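The values are calculated or read from the model by the stated rules, or taken from the named source; none is laboratory data. These numbers were taken from a predicted model, which means no experiment stands behind them. In this analysis, Cβ positions are derived from the backbone assuming ideal geometry, glycine residues included, and neighbour counts consider all displayed protein chains. Areas reflect the complete protein model, heavy atoms only, side chains present, ligands, DNA and RNA absent. Shrake-Rupley method; radii C 1.70, N 1.55, O 1.52, S 1.80 Å.
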Amino acid sequence: MRLLTPLKTLSRLLTPTAKIIDGKKISADIQNGIKEEINGWVAAGHKRPALRAILVGDDPASCTYVNKKMIASREVGIDSDTVRLPSTISQEDLVKKIEELNNDNNIDGILIQLPVPDHINEREICNAVHVDKDVDGFHVTNIGKLVANQDTFIPATSLAVIELIRIIGIDTFGKRAVVCGRSKNVGLPIFQMLHADYRNELPGLEATAIMCHRNTKPEDLVMYCQSADIIITATGVPGLIKPHMVKEGACIIDVGLTRITTPEGKSKLVGDADYEGCLARAGYITPAPGGVGPVTVAMLMKNTFKACKNFDRQRSNQK
Ligand code: GUN
């Protein structure tokens, strides 16, 4: 009997308690909603939204991501296509191609799949996209608008994280949120949306947000995470978030996705959090893959439809 008690306690401690956030289901629901809206929009005589992806080179992961985006776009009724360009293309020719799409009145949204080859200046390329067609939200003007709490295109991955928090109904007002990873396209926009005032053109989540990055001391990362109600991790460091770092009942949103080889020699995609271990501590957790990723694709659809509606409004105002 004396032996059973600690075993029982141990087994209770190891029993998964977290609610698993089903990104595929949430994404399917959002995309069904967008599909219905687009059907209604087109039936009412408006132009069908149109998206073009530019893929430079043939990196297999980038090809897979772009294909997923194109398939999902077509499913919701967005006219979509990929412009495939060789990895040897010059910066000048790539900018010319972007300008062609900028000047095409039929196209509402343009995305350049990143990363681009080393000889291309990524910042200049992101800034070459027309601000109003920048459905990825990577143009410096759109980043500025986000920081200034003005309505803009929020980068799809960051928007997916914010939407997931809203959809699940996580209370963020005055809560502690730790963001791990400071990339301009993911960590920074998430951090910005988390701490911003909700009384804005772009309503924020009013959390107390802390940004950790590669130079945060390991002991500080542990301390911040242990006090966090929400942990959002986007570092690409498998196993960064360990169970002892998670406050009981906290929400973990895992944006990381890294291909690893298991000790058995199998190839596997994993997130930043020790998923199995954190299940027993967290209140909510996203699996990786199958959490944030599918919702990201849905957010790109949302941004593309938004661009289309914005252009329609601009055209009506010119009449
Ligand atoms: N590469 C990795 N993530 C993204 C993304 O969200 N958009 C684009 N354009 N490229 C990426």
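Solvent-accessible area per residue in the chain equals 50 Å², computed with a 1.4 angstrom probe and all protein chains kept. Dimensions of the range 50-131 based on its C-alpha atoms, expressed as ranges along the principal axes with the largest first, amount to 35, 30, 17 Å. Packing here is the average count of other Cβ atoms within 10 Å per residue, and on that basis the peptides 246-252, 87-93, highest first, run 246-252, 87-93. Across the accessible surface of the range 194-242, with the other protein chains kept in place and a 1.4 Å probe, carbon and sulfur atoms take up 51 percent.
Here the 3J(HN,Hα) profile of the range 128-140, calculated from phi with Karplus coefficients 6.51, -1.76 and 1.60 at θ = phi - 60°, is 7, 6, 3, 3, 7, 10, 7, 5, 8, x, 9, 5, 4 Hz, Gly and Pro shown as x. Each Cα pair under 8 Å and six or more residues apart adds its sequence gap; the mean of these over the residue count of the range 251-319 is a relative contact order of 31 percent. Its Kirkwood hydrodynamic radius, worked out from the mean inverse distance over all distinct Cα pairs, puts the range 191-256 at 12.8 Å. Applying the Karplus relation 6.51 cos²θ - 1.76 cosθ + 1.60 with θ = phi - 60° to the range 192-197 yields 3J(HN,Hα) values of 4, 5, 5, 8, 5, 5 Hz, where x marks Gly and Pro.
Of the two radii for the chain, the radius of gyration is 1.01 times the Kirkwood radius, both from the alpha carbons; that is the Rg over Rh value. Dipole magnitude for the chain: about 820 debye, using +1 per Lys or Arg Cβ and -1 per Asp or Glu Cβ, origin at the Cα centre.
Accessible area of MET211 (1.4 Å probe, protein heavy atoms only, ligands and nucleic acids ignored): about 50 Å².
With a simple spin-label model that places each label point 7 Å from the Cα along the Cα-to-Cβ direction, the separation between MET223 and ASP59 comes to 3.6 nm. Our summary gives the chain a relative contact order of 21 percent, counting only alpha carbon pairs under 8 angstrom and 6 or more residues apart. The alpha-carbon atoms of the range 124-180, seen along their principal axes, cover 38, 22, 19 angstrom, with the largest extent given first. Accessible area of THR296 (1.4 Å probe, protein heavy atoms only, ligands and nucleic acids ignored): about 30 Å².
Shown here: the range 126-283, whose C-alpha atoms stretch 48, 36, 30 Å along the first, second and third principal axes, sorted largest to smallest. Among the chymotrypsin sites (Phe, Trp or Tyr not before Pro) within the range 162-259, those in coil by DSSP and having at most 10 neighbouring Cβ atoms inside 10 Å are PHE173.
Working ranking of peptides 285-295, 234-244 by packing, defined as the average number of other Cβ atoms within 10 Å per residue, highest first, is 285-295, 234-244.
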